[in-house]
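Every number in this text was worked out from the coordinates using simple rules, so none of it is lab data. Small disclaimer: the values here were computed from a predicted structure and weren't measured. Glycine gets a Cβ as well: all are built from the backbone with ideal geometry, and neighbour counts include every protein chain shown.
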Amino acid sequence: MNQAAADRGASSTELRVAVVGAGPAGFYAAEALLKGREDVSVDLLDRLPTPYGLVRFGVAPDHQKLKSVTRLYERTLGDPRLRYLGNVEFGQHVTLDDLRKHYHAVVVAVGAPSDRRLGIPGEDLPGSLSATEFVAWYNGLPDHADLHVPLDATTAVVIGVGNVAIDVTRVLAKSVDELARTDMADHAIEHLRNSSIEEVIIVGRRGPAEAKFTTKELRELGELLNADIYVDEGELVVPAASRAAIEGDVNAQKNLEVLQGFARQTPEGKPRRVRIRFLLSPVEIQGEGRVERVVFERNRLEEQEGGWVAAVPTGEREAIDAQLVFRSVGYRGTAQPGLPFDESRGVIPNEAGRVTDAGRAVPGVYVAGWIKRGPSGVIGTNKADAMESVRALLEDADAGLLPAPPDPAPEAVDALLRSRGADPFGTTEWFRLDAVELEAGEAQGRPRVKVVAVEAMLRSGRD
Ligand code: NAP
C-alpha cells in the first residue's frame, strides 16, 4: 500500500468490510480484499483472543508443518489497513444489524463449530465423545479444556473414515513422549500420560474405496512407532461399482494400495494396535453407565443412480467391545443470529458467496469457508472459496449495490464494542501472546506451549 493510502486511514470514502471469523477462510477473505482494492479497510473479528481458527484448534499437534501457513496470515495481520478485533463475539457483542451500520459489507466466515450426530441409542453414554470435541480438547480450545476423556479404556472405537478419524487415532496410538514434543495442550499431555489404550479400531460404513482420508494421512498409520497396523484383506474386496466410481480418483486408488500393504504387514509386537474395519454401520452404543460395546450392522455396497455407491444393511450384526467411542462423522455449521440457515446442510444459503434468503440476495452480506460450502477440503481449499466470495463482493461494490453505512468511522465501532462490554484483543497483543507461547516452547524443545484459558491469554498479551 502507498503512504498516501496509509495516511488516509479509514476514511468515509473507502470500502469498509467486517470479516467475522479469523480462521483460514476469514484470513483468505481479508487477504483477497486487501489485494483486490487499495482503498479498503478490514476489521477481522473473532470470538477468541487468538486468531487462526482450526489451524490452531483443529490441525493435529504432530502436523506442525501444516501450521506454517500462519506466516501468510501474519502478513495479512501486519497490513495497516486491517484491524484484528479478537475476543469479540458475533451475536453477543455485535449483531449483523450493528455491522451493517458501520461497514459496507460483512463476510461471515465462522466455520462449522459443531459435529454431526449418529442418531443411534447410547450416543450420549459417558465414554462416547465427538471427535470434534476431543480434537478441540487436545488442541487447547478454551471451551473444551474441561472435557472428561475416560482414558482408562483399553479399546477405543473411532467411527468414520476421514482425516479427523486418523488424527484422533494417531493421538491415541502415539506414546506420550512423542506427543510431549508437540504443541498439544499441557492438560491433554498430562491426561494422555495415564492412558491405558491398547487398541484403536477405525470403522467405516462403506468400503475401502469410499474412505475419505487422504493417502498421506493414511500412510502415517503404518509408520507409527508405538502401534502395529491391522487390516483384514477380506474387507478390502472392491466391487465393480466402487472400482468404476473411483476411476481417475488418484487418492482413492492410492488408498487401496496402502490398505493392501497394511493387510500384508507383519505385526512387530508394538505396545498398541490400530485396526481399520469397513462395511459396518453403528446401530447402538451399549453399556451400564458408560460405554461397554458398540453394535454394528454389516453392510454390502450397492450402486445407486449416478454412480454413487451406498451402504445397504445385510441384517447381520457384530458387537465390538470398547470403553471409548469417538464419533468422527464430520463437523457441522450452526445457525448464526440474524442470518438465514439451511438446516439440512448446516450452511448459510448463498450463491457464489452472496448470502441468499428464500432465493434472494441479502445486500452486503457474504459467506466464506465451511459455513458457506460445508466441512470439506483442506486448509488451502478455503483460498479459492474465499476469493470467489470476495470477487462477488467487489463486483457488487463496483456496481454500486452496497449502500453506504450510516456510521463508517472505526472509532464508532470501538465505542459500540465498549458499550457492549467487549474487550477487544488486537494484533499487537496477539503477537505478544504468540511470542510468550513460542518462548515457552523453545525452553522445552517444543514448537510452542499454548496458553489455554481466555483470561490467561488476555493477561499474557498485555503484560
Ligand atoms: P469427512 O472427511 O467428511 O469424513 C467423515 C466420515 O464419516 C466419512 O467416512 C463418512 O462416511 C462417515 N460418516 C458420516 N456419517 C456417518 C454415519 N452416520 N455413520 C457412519 N459413518 C458416517 O470428515 P472429517 O474427517 O471430519 O474431515 C473434515 C474435513 O477436514 C475433510 O475435508 C478433511 O479432509 C479435512 N481434514 C484434513 C486434515 C489434513 O489435511 N491432514 C486433517 C483433518 C481434517 P461416508 O463417506 O459413507 O458418508
Self-check item: Protection proxy ranking of 124-130, 313-319 - average other beta-carbon atoms within 10 Å, highest first
Solution: 124-130, 313-319
Quiz item: Given H placed on each backbone N at 1.01 Å, which residues far from Ala322 in sequence or on other chains put an amide H within less than 5 Å of it?
Solution: Arg293, Val294
Practice problem: Could you sort 436-447, 48-59 so that the peptide with the highest average Cβ count within 10 Å comes first and the rest follow in order? | Solution: 48-59, 436-447
Quiz item: Modelled label-to-label distance, Glu303 and Asp423, 7 Å Cα→beta-carbon offset: nm?
Solution: 6.2 nm
Practice problem: May I ask you to order 75-82, 14-21, 360-367 by the average number of other C-beta atoms within 10 Å around their residues, highest value first? | Solution: 14-21, 360-367, 75-82
Quiz item: Which residue, chosen from Gln260, Val436, Gly364, occupies the Cα position most advanced towards the positive end of the dipole of the chain, where the dipole is computed from +1 (Lys, Arg) and -1 (Asp, Glu) charges on Cβ about the Cα centre?
Solution: Gln260
Quiz item: What residues have an amide H closer than 5 Å to that of Asp46, excluding those fewer than 5 places away on the same chain, when H is modeled at 1.01 Å from N in the peptide plane?
Solution: Gly21, Leu85, Gly86, Asn87, Val88
Quiz item: How much of the DSSP beta bridge set in the chain is antiparallel, as a percent to the nearest 5?
Solution: 40 percent
Self-check item: Distance between region 218-239 and region 268-321 - C-alpha centres, whole angstrom
Solution: 16 Å
Practice problem: Report the FRET efficiency, 1/(1 + (r/R0)^6), for His63 and Glu123, where r is their Cβ-Cβ distance and R0 is 25 Å, rounded to 0.05. | Solution: 0.30
Quiz item: Which semi-axes, in whole Å and largest first, does the equivalent ellipsoid of region 382-463 have when worked out from the alpha carbon gyration tensor as the square roots of 5 times its eigenvalues?
Solution: 36, 21, 9
Quiz prompt | Paramagnetic reach from Ala404 in region 86-113 [backbone N under 15 Å; point 7 Å along Cα→Cβ] | solution = 101-105
Self-check item: Charge dipole (debye, nearest 20) of the chain; +1 at Cβ of Lys and Arg, -1 at Cβ of Asp and Glu
Solution: 480 debye
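Where the convex hull is taken over the Cα atoms of the chain, what is its projected area averaged over directions, in nm²?
Its average projected convex-hull area is 23.7 nm².
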Practice problem: Subtract the Cα-Cα distance of Glu233 and Glu89 from 0.36 nm times their separation in residues, and report this length gain in nm to one decimal. | Solution: 46.8 nm
Practice problem: Give Lys383/Lys450; Lys35/Lys216; Lys174/Lys383; Lys65/Lys270 a once-over and call out the pairs whose C-alpha atoms are over 29 Å from each other. | Solution: Lys35/Lys216; Lys174/Lys383
Practice problem: Among Pro447, Gln336, Ala131, pick out the residue whose Cα is farthest towards the positive end of the charge dipole of the chain, where Lys and Arg carry +1 and Asp and Glu carry -1 on C-beta, about the Cα centre. | Solution: Pro447
Quiz item: At 10 °C and 1.306 mPa s, what whole-number value in µm²/s does Stokes-Einstein give for the translational diffusion of region 234-302, with Rh from the Kirkwood sum over Cα pairs?
Solution: 106 µm²/s
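For region 340-427, give the magnitude of the charge dipole about the Cα centre (Cβ charges: +1 Lys/Arg, -1 Asp/Glu; no others), in debye to the nearest 20.
Value, rounded to 20: 260 debye.
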Quiz item: Which of the GluC sites (Glu not before Pro) across region 179-286 are loop residues per DSSP, with 10 or fewer other Cβ within 10 Å?
Solution: Glu247, Glu268
Quiz item: How big is the shadow of the Cα convex hull of region 304-463, averaged over all directions, in nm²?
Solution: 17.7 nm²
Quiz item: What list of ³J(HN,Hα) values in whole Hz, one per residue of region 300-316 in order, does the Karplus curve 6.51 cos²θ - 1.76 cosθ + 1.60 (θ = phi - 60°) give from phi, with Gly and Pro shown as x?
Solution: 10, 9, 9, 6, 10, 4, x, x, 5, 9, 9, 8, 10, x, 9, x, 7
Quiz item: Which far-off residues, 5 or more places away or on another chain, put their amide H under 5 Å from the one on Ser130, with H placed in the peptide plane?
Solution: Arg327
Quiz item: Is the shape of region 106-159 rounded, prolate or oblate, going by the alpha carbon gyration tensor and its root eigenvalues a ≥ b ≥ c, with a/c under 1.5 for rounded and a/b larger than b/c for prolate?
Solution: oblate
Exercise. Calculate, in nm to one decimal, what Val176 and Arg75 gain on full extension: separation in residues at 0.36 nm each, minus their alpha carbon distance.
Key: 32.9 nm
Quiz prompt | Backbone HN-Hα couplings from phi across region 103-120 [Karplus 6.51/-1.76/1.60, Hz, Gly and Pro as x] | solution = 9, 5, 8, 10, 10, 9, 9, 8, x, 10, x, 9, 10, 6, 9, 7, x, 10
Quiz item: How would you classify region 67-194 from its alpha-carbon gyration tensor, with a ≥ b ≥ c the square roots of the eigenvalues: rounded for a/c under 1.5, else prolate if a/b is greater than b/c, otherwise oblate?
Solution: prolate
Quiz item: Cα gyration tensor of region 8-117, axes a ≥ b ≥ c as square roots of the eigenvalues: rounded (a/c below 1.5), prolate (a/b > b/c) or oblate?
Solution: oblate
Quiz item: Once the Cα atoms of region 124-223 are picked out, what are the Rg and Dmax in Å?
Solution: 13.5, 38
Exercise. About the Cα centre of region 5-145, how large is the charge dipole given +1 on each Lys and Arg Cβ and -1 on each Asp and Glu Cβ? Please answer in debye to the nearest 20.
Key: 380 debye
